[in-house]
Amino acid sequence: MSGKLYGIGVGPGDSELMTLKALRILRECPVIAYPAPDNGESFARQIAAPFISEDQKEIPIVIPMRVERFPAQEVYDAVSHKIAEHLRHDRDVVVLCEGDPFFYGSFMYLYERLADKFECEVVPGVSSMMAGASALGRPLAARNDVLTVIPAPLPDEDISRQLKSCDAASIIKIGRHFERIHSLLTKAKLIDCCGYLERISLPSQKIMPLASVNPTEVAPYFSMILMYKGAEDWVSNLPIPEKEAEPLQ
């Protein structure tokens, strides 16, 4: 007998956006693992915190946040061994993943190492892209529109090519690339088609037309741009709202 490994999506930030299945599994598992930076709290754990008990064993997956590429594979190798020990002793392990585990989620690297050795189940979660469209009040895509997900670290020519060929786009991983992405969208005459979003579903959420954002500002890690230039005029004509963070009570 051995334990079961679960990878659950905990959503974009609001704890109420966790699925009922993810919540049940989280409460039942004796061991919880989650990604964490080396200089702050784990965002995935913060989302799930209302449902974690003090009796559960916790395994932080600490990956230093650096501009230069960190050898994260070594981290996943080491954590996989820790998780495997619990599974071999018949203890189920749940790994928390921001958004969805298989949509740019860190859980996939543990899945790669463990799924062929232990029983594993992946529970999908609400991605920030889906939550962002809801917060923006504009559909991501309609009918035969082509929706493209564009990571901001890509080279300029790759991003420009994707923007030209698609009908709608979600530009993610913006961070320090914001000024460059803003410039590319301006040159492509797409700036007015874009909404800018930060920290979706959290009290600190911010939504603005991209044209209203100062391009020299540094965008936080949890930010994205949603662009629509597809065939549905009614979507294109929807206003892009401007919502600042809620004041602290």
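The values are calculated or read from the model by the stated rules, or taken from the named source; none is laboratory data. Bear in mind that the values here come from a model prediction, so they are computed numbers and not experimental data. Don't worry about glycine lacking a Cβ; one is built from the backbone with ideal geometry, like all the others, and counts go over all protein chains shown. We work out accessible area using only protein heavy atoms, side chains counted, and drop any ligands, DNA or RNA first. Shrake-Rupley method; radii C 1.70, N 1.55, O 1.52, S 1.80 Å.
Relative contact order, whole percent, for the range 64-196 stands at 15, derived from Cα pairs under 8 Å and 6 or more residues apart.
Surface exposure of the range 102-170, expressed per residue as accessible area with a 1.4 Å probe, stands at 51 Å². By how many degrees, 0 to 90 and rounded to 10, does the Cα axis of helix 156-165 deviate from the longest principal axis of the chain? Taking the Cα atoms of the chain, the angle to 156-165 is about 70 degrees.
Tell me, what % of the accessible area of the chain is carbon and sulfur with a 1.4 angstrom probe?
Numbers: 6830 of 13160 Å².
Of all accessible area on the chain, carbon and sulfur atoms account for 52 percent.
Given a Förster distance of 35 angstrom, what is the FRET efficiency for THR19 paired with LYS187, based on the Cβ-Cβ distance and rounded to 0.05?
0.30
With the charge dipole of the range 1-149 set up from +1 on Lys and Arg Cβ and -1 on Asp and Glu Cβ about the Cα centre, the Cα lying farthest toward the positive end among the listed residues PRO124, THR148, LEU114 is that of THR148. Return the single residue from GLU179, GLU232, GLU54 with maximal mean-square fluctuation; model: Gaussian network over the chain, springs between Cα atoms under 10 Å. Looking only at GLU179, GLU232, GLU54, the largest GNM fluctuation is found for GLU54. For the range 103-164, trypsin sites (Lys or Arg not before Pro) meeting the loop criterion (DSSP other than H, G, I, E, B) and having at most 15 other Cβ atoms within 10 Å: LYS117, ARG143.
In order along the range 209-224, phi translates into HN-Hα couplings of x, 4, 5, 8, 9, 5, x, 8, 6, 8, 7, x, 4, 8, 9, 7 Hz, rounded to whole numbers, per the Karplus curve 6.51 cos²θ - 1.76 cosθ + 1.60 with θ = phi - 60° and x for Gly and Pro. For the range 105-128 and the range 1-46, compute the distance between their C-alpha centroids and round to whole Å. Each part's Cα centre sits 12 Å from the other's. Hey, got the dipole for the chain? About the Cα centre, +1 on K and R Cβ, -1 on D and E Cβ, debye to the nearest 20? I would put it at about 320 debye. Please give the contour-minus-distance gain from ASP116 to ASN214: 0.36 nm per residue of separation, less the Cα-Cα distance, rounded to one decimal in nm. Answer, rounded to one decimal: 30.5 nm.
Among bridges DSSP assigns within the range 112-249, what percent are antiparallel (round to 5)? If I count the DSSP bridges inside the range 112-249, around 75 percent turn out antiparallel. Note that the range 19-90 presents 60 Å² accessible area per residue, ligands and nucleic acids not counted, probe 1.4 Å.
Nearest 0.05, what FRET efficiency do ASP233 and MET108 give at R0 = 45 Å with Cβ-Cβ as r? Between ASP233 and MET108 the formula returns 0.75.
So if I take the centroid of the Cα atoms in the range 186-206 and the same for the range 151-174, what is the distance between those two points in Å? If we compute the Cα centre of each part, the gap is 14 Å.
Based on the Stokes-Einstein relation at 25 °C and a viscosity of 0.890 mPa s, and on the Kirkwood radius from alpha carbon pairs, the range 105-202 is assigned a translational diffusion coefficient of 158 µm²/s. If R₀ is 30 angstrom, what is the calculated FRET efficiency for the pair SER53 and VAL149, using the beta carbon separation as r and rounding to 0.05? According to the calculation, E is roughly 0.25.
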